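The values are calculated or read from the model by the stated rules, or taken from the named source; none is laboratory data. This is a predicted model, so every value here is computed, not measured. Note that we place each Cβ from the backbone using ideal geometry, even for glycine, and neighbour counts take in every protein chain shown.
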Amino acid sequence: MQKALRVIAPLAAIAAPLAFAASPATAATGTSYQATLNPLNHATGSGMATISLNGSSATITESWTGLAGSFSGAPYPHVQHIHIGAAGACPTTSADKNGDGVVSTTEGAAAYGGIGATLSTSGDTSPAAGTDIKIAPAGSSTDYSRTIQLDAKTLASLKSDTAVIVVHGLDPATLSKKAQGEKSDLVPSLPLAATSPALCGAVHAMPAGGVATGTGSTSGMEDSSLLGLAGGLFVAGAGMALYTVRRKTVKA
Amino acid sequence: MSSDHGWSPGRRGGLALAAVAVAAALVLLVVVLRAQVSAPEPQQAGRVDTPGDSSGGRHRTHGPTAQTAPPLGPSKPVHLSIPAIGVDTPVFPIGLASDGTLAVPQPGPRLDTAAWFENSPTPGQPGPSIIEGHVDSVDGPSVFLRLGAIKPGDRVVVDRADGRTLTFEVNAVRDFLKSEFPTQLVYGGDQLSEPTLRLITCSDFDASIQHHVGNEVVFAHLVHTSGPSGPASS
């Protein structure tokens with residue numbers, strides 16, 4: 001009967017409610033952030049960035065590839081920033097107000113805002129370094145890792161889900177004739193292509209804790225109703241047998 | 001009741017009925033036990049760093065394919081198959097829940113399909129693309145029931161909306177306690193230039209609290225791309 005007992009035991013377990021959600025993860029606001037960098041303005045290319053926050057110290061790890069590789073025979077500089085204080089989104093083509101086929105940095109600002117920090121390769125990381133092409137990553141791809149200090153406004157934007165990473169610098173050949181002739185809206189000595197956004201990614205907190213992808217239904221019994229029926233029949237049968245035998249014993 | 005030792009028809013009938021009931025109960029039990037399925041426990045295996053990692057020059061020690069394919073532009077995943085464990089499922093985007101955790105497929109037509117985390121790269125873009133699925137649901141076994149049986153070297157095939165078919169190769173399988181979930185390693189990591197894939201499901205059911213206390217994470221990297229939008233790149 002030992003075996004039967006073992007088999008009956010799960011009957012009790014059925015009664016226990018099958019909890020649906022897993023333990024709620026500690027709702028700590030994550031200190032790790034991620035951004036997928038997608039192309040804008042006919043750019044090809046793609047990338048990803050993560051930000052690990054420790055107080056106001058932010059370790060930025062970023063990799064992108066597929067951008068314009070050279071400019072006048074030199075590696076193409078791609079200035080890049082954490083933009084803050086707007087919708088926390090990347091612009092769509094509808095942001096192209098002057099109809100030249102390019103969403104300029106200024107036209108995109110309604111979506112991603114102004115510069116909060118410059119992701120330069122060395123030296124100044126403030127908004128003041130925003131268009132300094134000498135300390136911008138250069139070439140068609142970059143693996144970037146740097147720990148920088150963020151100011152209060154940039155930190156607040158990160159935490160309120162409104163920070164956006166933007167990498168600038170388009171291949172002029174991919175632009176319309178009109179756009180090819182235009183000057184940069186930021187640095188008039190440069191062509192429009194040089195400062196216009198090429199990759200853009202809204203920064204979001206990484207998911208907190210683990211993932212609730214199970215209920216445990218396959219860790220107990222699947223066919224609990226059938227099992228219940230079996231249990232019921234077993235109890236009824238045993239009861240009937242006992243009753244019959246007892247009646248016989250009493251009579252005897 | 002005429003005989004002390006004989007069985008009256010009534011008693012005999014009662015016992016027979018009881019026997020039938022018990023026999024039926026046993027048959028049902030056998031049926032239930034035979035229908036019982038359980039998720040295989042993941043076996044920790046492989047290296048989390050992808051073969052394309054040039055640091056350390058150890059990339060020849062990995063699985064059968066010591067190479068990675070170059071990254072692609074964005075396009076959402078629409079279908080996932082893992083022939084080695086019989087997975088074949090549509091894929092839908094999913095976001096964060098209000099408590100900041102990764103949302104999971106809810107009861108309804110998508111409960112037992114895989115879900116791509118929409119804040120992660122699409123498969124083929126640089127960095128880890130996240131696809132999750134339930135190991136089981138209130139309905140019983142779910143799409144990633146057998147994810148624990150996956151092994152390094154197994155292939156994971158993702159179809160994207162742009163018509164490309166991407167083949168990933170598993171390089172590692174890991175089991176983490178949810179309480180110690182390595183967020184940065186799973187959603188980021190230090191190989192953001194590599195197009196990689198993470199498959200996530202639940203593991204380590206704790207009967208005492210009726211919860212899975214662990215997450216299984218499968219680490220895979222892109223080895224081949226085919227489809228209409230460009231030449232094969234592997």
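Values for this structure:
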item	result
Any hit, region B:149-172, residues being crowded, with 18+ Cβ neighbours inside 10 Å, under 16 Å from the mean Cα position of the chain (by Cα) and within 13 Å of chain A (Cβ to nearest Cβ)	no
Qualifying positions in region A:35-55 - at the interface with chain B (Cβ under 7 Å from one of its Cβ atoms), within 15 Å of the chain's Cα centre (by Cα) and among the β-branched types (V, I, T)	A:T36, A:T50
Odd one out for B:L166 among (1) assigned to a strand (DSSP E or B); (2) modelled with pLDDT under 95	(2)
From A:T195, A:T162, A:T215, A:T147, residue being buried (at least 19 other Cβ atoms within 10 Å of the Cβ) and either acidic (D, E) or more than 22 Å from A:V103 (Cα to Cα) (or both)	A:T215
Set A:T147, A:T121, A:T162, A:T154: member being over 20 Å from A:L40 (Cβ atoms) and in a loop (DSSP other than H, G, I, E, B)	A:T121
Unique match (being more than 16 Å from the chain's Cα centre (by Cα) and within 21 Å of B:P40 (Cβ to Cβ)) among B:Q191, B:Q210	B:Q210
Conditions (1) within 20 Å of the chain's Cα centre (by Cα); (2) surrounded by fewer than 17 Cβ atoms within 10 Å (Cβ to Cβ); number of the one not met by A:A152	(1)
A:A117 under 19 Å from the mean Cα position of the chain (by Cα) and over 17 Å from A:D171 (Cβ atoms)	no
Failed criterion for A:K159 (all others in (1) at pLDDT 80 or above; (2) within 12 Å of chain B (Cβ to nearest Cβ); (3) touching a Pro at 6+ places or on another chain (Cβ under 7 Å) hold)	(3)
Count of region B:138-148 residues which are surrounded by fewer than 24 Cβ atoms within 10 Å (Cβ to Cβ) and not in a strand (DSSP E or B)	4
In region B:95-109, the residues that are more than 7 Å from chain A (Cβ to nearest Cβ) and under 15 Å from the mean Cα position of the chain (by Cα)	B:P105
Residue list for region B:187-234, restricted to those being modelled with pLDDT of 90 or more and among the aliphatic types (A, V, I, L, M)	B:L192, B:L197, B:L199, B:I200, B:V217, B:V218, B:A220, B:L222, B:V223
Members of region A:173-189 found to be surrounded by fewer than 19 Cβ atoms within 10 Å (Cβ to Cβ) and touching a residue at least 40 places away in the same chain (Cβ under 8 Å), listed by number	A:T174, A:S176, A:K178, A:E182, A:D185, A:L186, A:V187
Within region B:81-96, tally of residues that are among the hydrophobic types (A, V, I, L, M, F, W, C) and part of a helix (DSSP H, G or I)	2
Members of region A:130-151 that are in contact with a strand residue (DSSP E or B) (Cβ under 7 Å, 6 or more places away or on another chain) and farther than 28 Å from B:G189 by Cα	A:I133
Every residue from region A:40-79 that is closer than 26 Å to A:D151 by Cβ and either free of Cβ contacts under 8 Å to residues at least 12 places away in the same chain or in contact with an Asp or Glu (Cβ under 8 Å, 6 or more places away or on another chain) (or both)	A:G47, A:M48, A:A49, A:T50, A:G55, A:S56, A:T61, A:E62, A:S63, A:V79
Pair list, Cβ under 7 Å, 6 or more apart: region B:184-196 residue within 7 Å of chain A (Cβ to nearest Cβ), other residue of a type in the set (S, T, Y) and part of a loop (DSSP other than H, G, I, E, B)	B:Y187/B:S120
Residue satisfying all of: in region B:173-188; touching a Pro at 6+ places or on another chain (Cβ under 8 Å) and part of a strand (DSSP E or B); surrounded by the most Cβ atoms within 10 Å (Cβ to Cβ) among these	B:V173
Counted residues, region B:143-174 - those being within 16 Å of B:P51 (Cβ to Cβ) and of a type in the set (S, T, N, Q)	2
Residues of region B:118-133 that turn out to be among the β-branched types (V, I, T) and under 16 Å from A:G45 (Cα atoms), as a count	1
Unmet criterion (only one of (1) part of a helix (DSSP H, G or I); (2) at pLDDT below 65) for A:T244	(2)
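Residue-wise test of (1) of a type in the set (K, R); (2) under 30 Å from A:L67 (Cα atoms); (3) in contact with a Gly (Cβ under 6 Å, 6 or more places away or on another chain).
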| residue | (1), (2), (3) |
| --- | --- |
| B:G140 | no, no, no |
| B:R146 | yes, no, no |
| B:D154 | no, no, no |
| B:V158 | no, yes, no |
| B:L166 | no, yes, yes |
| B:F205 | no, no, yes |
| B:V213 | no, no, no |
| B:V217 | no, no, no |
